[in-house]
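Shown next, in structure tokens, is the structure this report addresses.
The values are calculated or read from the model by the stated rules, or taken from the named source; none is laboratory data. Treat the numbers as computed from the prediction; the structure is a model and nothing was measured. Cβ coordinates were reconstructed from backbone atoms using ideal geometry, including for glycine residues, and neighbour counts include every protein chain displayed. Heads up: the accessible areas ignore ligands, DNA and RNA and are worked out on the full protein's heavy atoms, side chains in. Shrake-Rupley method; radii C 1.70, N 1.55, O 1.52, S 1.80 Å.
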Amino acid sequence: MTPSPKLLVVAAGNFLRAYSGVKYLSQALINEGIEVEVHAPIPPAMLDEVQQYPFPIYSYTATWSGQWPRLANVLYKIYLFRRGLLENCGLLVLDLAHFHPAVMVKKLKPRTPLIHYCQELLIPEEHPHHPTMRKLNFYARHANAPDLIIDVEPHRAAKRIERFQLTKKVLVLPNTLPISEIPPPAPPDYLARLAGGELPHDRPILIYTGAVHAGVRFEVILEALTQLTLPIFFLAFCHGDPQQINQIRQQAEIQLGPQRSRICNSIPRDELLSCLHEADAGLVYYPYAAERSTNQRYPAPTKMFEYIAVGLPVVGSANMSLIRDKELGTCATDDTAKGLKTAIEQLFTSSKNKTAIQTHQKQLFATELCFEQVSAPTIHHIKELLFNRVR
């Protein structure tokens, strides 16, 4: 009996809190008869969550060397390089975290299938002060080394091909989620329970679920909310630097007060997905003015798809073309607080029936935007590559 081909999937970040594309793609490949092993920098405190996954997950930061991140990173690169050379398996690496050792394996062992899953587009000249500029420059020299390149947004993919003169196959797999990953609705008021206390019933809730970093421009979000005359409650579940989250929490308390806002730490995505529908709209804000790069010009946030999946209309920054084109909510008129304020007001004063909006969004998600619909070409090409080379 011919053994199943094996694929080592190396994530760049903790996908238990950020986008879980690693999980969705790995599960889909297992269903196609591929043996998948995932490696990711998952904190030790979260390792219990991975027990439910249908494939092995190893944290390369939850080892004795994890207390020294640089050492842990170097040791894992050596480990990955050794396994890539000695084992008959394919490699799928996300972004640039372990692109270097994977390319070295490919150079020394050309028949090794190498897949590059690019959730970010970092062009060296657009990020001249990037803290890992050597990685960006290495990528620029070896972007064509993988057999298959997966991008997450069509405009980014086109720019990637042009800038790095790619000749290898490039596919687009949006940062969406499968219908099967949408949990059953939680009991009423479960969102309040996750938020740590009662939420107002006399005003609509605008929710944000995502990362905290400079590209989100929370100061603009808070200023826009401060300018509103509508009685709207802002609820955020944030992951990222704890110090930054605390700063945003303090600023929200100053500008909005506890009657108009609550900033919470991140929680498991499945729990949050089960009660997102209790909010009235979702916020996705990645203004181009925050960082004038191709990556920021064409954002690809998974939270947008999560909102759509549960029927939440979306308030987006001015560059969120999918929201505008598919009539999924409103977009800011520009990258100012006033522009975002206008979009929020337009959404919450719209005469559109809430039930009709939910029905439209859920149908669009099921027929066009869910992972099951958009992932077929990617899964086909990965399967073809592995079955032809890994035996």
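Taking region 373-391 as the range and being surrounded by fewer than 15 Cβ atoms within 10 Å (Cβ to Cβ) and either more than 19 Å from residue 116 (Cβ to Cβ) or hydrophobic (A, V, I, L, M, F, W, C) (or both) as the test, the residues that pass are 376, 391.
On the given criteria, is residue 179 closer than 23 Å to residue 301 by Cβ and either touching a residue at least 12 places away in the same chain (Cβ under 8 Å) or surrounded by 21 or more Cβ atoms within 10 Å (Cβ to Cβ) (or both)? So residue 179 passes the test.
In the set (1) surrounded by fewer than 18 Cβ atoms within 10 Å (Cβ to Cβ); (2) in contact with a Cys (Cβ under 8 Å, 6 or more places away or on another chain), the condition left unmet by residue 368 is number (2).
The set of residues in region 56-94 that are more than 22 Å from residue 385 (Cα to Cα) and among the polar types (S, T, N, Q) comprises 59, 61, 63, 65, 67, 73. If the condition is being open to solvent by 30 Å² or more (accessible area, probe 1.4 Å) and within 17 Å of residue 170 (Cα to Cα), then region 97-129 contributes 119, 120, 122. Looking only at residues of region 47-69 that are touching a Pro at 6+ places or on another chain (Cβ under 9 Å) and aliphatic (A, V, I, L, M), we find that the one that is most open to solvent (accessible area, probe 1.4 Å) is 62. Within region 182-209, residues that are under 25 Å from residue 366 (Cβ atoms) reach partners that are in a helix (DSSP H, G or I) and open to solvent by 30 Å² or more (accessible area, probe 1.4 Å) with beta carbons closer than 6 Å, at six or more positions or on different chains, in the pairs 183/270; 191/278.
Counted as qualifying within region 256-322 are the strands (runs of 3 or more DSSP E) with 3 or more residues that are open to solvent by 10 Å² or more (accessible area, probe 1.4 Å), namely 261-265. Only a single item in (1) open to solvent by less than 60 Å² (accessible area, probe 1.4 Å); (2) among the aliphatic types (A, V, I, L, M); (3) over 21 Å from residue 186 (Cα atoms); (4) not in a loop (DSSP other than H, G, I, E, B) is not met by residue 230, and it is number (4). Do we find that residue 70 is part of a helix (DSSP H, G or I) and free of Cβ contacts under 8 Å to residues at least 12 places away in the same chain in this structure? Yes.
Annotation note: Cβ proximity below 6 Å between a residue of region 49-62 that is within 19 Å of residue 267 (Cβ to Cβ) and a residue that is in a loop (DSSP other than H, G, I, E, B) and not basic (Lys, Arg) (sequence gap 6+ or interchain) occurs for 49/16. Restricted to region 196-221, and to residues there that are surrounded by 20 or more Cβ atoms within 10 Å (Cβ to Cβ) and at pLDDT 90 or above, the residue that is farthest from residue 318 (Cα to Cα) is 205. Applying the criterion of being assigned to a loop (DSSP other than H, G, I, E, B) and over 21 Å from residue 160 (Cα atoms) to the residues of region 108-123, the residue that is nearest to the chain's Cα centre (by Cα) is 112.
Pairing residues of region 349-377 that are of a type outside the set (D, E, K, R) with residues that are open to solvent by 40 Å² or more (accessible area, probe 1.4 Å) and in a helix (DSSP H, G or I), at Cβ distances under 6 Å and at least 6 apart in sequence or on separate chains, gives 370/179.
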